[in-house]
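Here the structure comes first, spelled out in structure tokens, and everything after it is commentary.
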């Protein structure tokens, strides 16, 4: 009896071949976008630090505090109020310890407001812009020696 070679080839094609599977490849992408409104503007007097630029806060040994970061903001919003919040707690770390920073926004209408992770109104809609002082000051007393770094992300939104 002759074996039909075609049938054997077809049958071999149905037999599952075992092989080691490749490890999966995973990639996480992070995105953000802002769609500006024509009736909502925040302009700093001094330009914001560029992406990746680190702002040095000089430390004053006499007072035991770093010199505050200061800027003036011009806010214009004709249709909605403006809120401010922090993306996460304002902290700088030396790898072992954290030093709290306090972010303050102030002007004659709102007084002094500490910006937290909860949105709070800092500007009431108006036809004319208003000027605000922005400060980042040291919140932790007597930090230990070391180089402290961190990101402080401010979020301004229409409310």
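The values are calculated or read from the model by the stated rules, or taken from the named source; none is laboratory data. These numbers were taken from a predicted model, which means no experiment stands behind them. Note: ideal-geometry Cβ built from the backbone for every residue, glycine included; neighbour counts use all protein chains shown.
The residue of the stretch 140-158 that is nearest to residue 79 (Cα to Cα), among those that are surrounded by 14 or more Cβ atoms within 10 Å (Cβ to Cβ) and over 17 Å from the mean Cα position of the chain (by Cα), is 158. Yes or no: residue 122 assigned to a strand (DSSP E or B), touching a residue at least 60 places away in the same chain (Cβ under 8 Å) and over 30 Å from residue 62 (Cβ atoms)? No. Scanning for something in contact (Cβ under 8 Å) with a residue 60 or more places away in the chain, over 18 Å from the mean Cα position of the chain (by Cα), outside any strand (DSSP E or B) and at positive phi, does the stretch 44-64 turn up at least one residue? Yes, there is a match, as at least one residue in the stretch 44-64 is in contact (Cβ under 8 Å) with a residue 60 or more places away in the chain, over 18 Å from the mean Cα position of the chain (by Cα), outside any strand (DSSP E or B) and at positive phi.
Yes/no per residue for (1) assigned to a strand (DSSP E or B); (2) closer than 22 Å to residue 34 by Cα; (3) touching a residue at least 60 places away in the same chain (Cβ under 8 Å):
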{"site": "74", "(1), (2), (3)": "yes, yes, no"}
{"site": "88", "(1), (2), (3)": "no, yes, yes"}
{"site": "102", "(1), (2), (3)": "yes, no, no"}
{"site": "135", "(1), (2), (3)": "yes, no, yes"}
{"site": "151", "(1), (2), (3)": "no, yes, no"}
{"site": "155", "(1), (2), (3)": "yes, yes, yes"}
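Kindly list the number of the only condition in (1) at pLDDT 80 or above; (2) surrounded by 10 or more Cβ atoms within 10 Å (Cβ to Cβ); (3) more than 14 Å from residue 136 (Cα to Cα) that fails for residue 39. Of (1) at pLDDT 80 or above; (2) surrounded by 10 or more Cβ atoms within 10 Å (Cβ to Cβ); (3) more than 14 Å from residue 136 (Cα to Cα), only one is false for residue 39: (1). Would you confirm, using the coordinates I've provided, whether residue 127 is surrounded by fewer than 15 Cβ atoms within 10 Å (Cβ to Cβ) and free of Cβ contacts under 8 Å to residues at least 40 places away in the same chain? The answer is no for residue 127.
Working only within the stretch 99-122, note down all residues that are surrounded by 16 or more Cβ atoms within 10 Å (Cβ to Cβ) and either more than 21 Å from the chain's Cα centre (by Cα) or under 17 Å from residue 68 (Cβ atoms) (or both).
At the first step, the residues of the stretch 99-122 found to be surrounded by 16 or more Cβ atoms within 10 Å (Cβ to Cβ) are 99, 101, 103-105, 107, 113, 115, 119, 122.
Within the stretch 99-122, 99, 101, 103, 104, 105, 107, 113, 115 meet the criteria.
Out of 117, 83, one residue alone is under 20 Å from residue 34 (Cα atoms), touching a strand residue (DSSP E or B) at 6+ places or on another chain (Cβ under 7 Å), modelled with pLDDT of 90 or more and part of a strand (DSSP E or B). It is 83.
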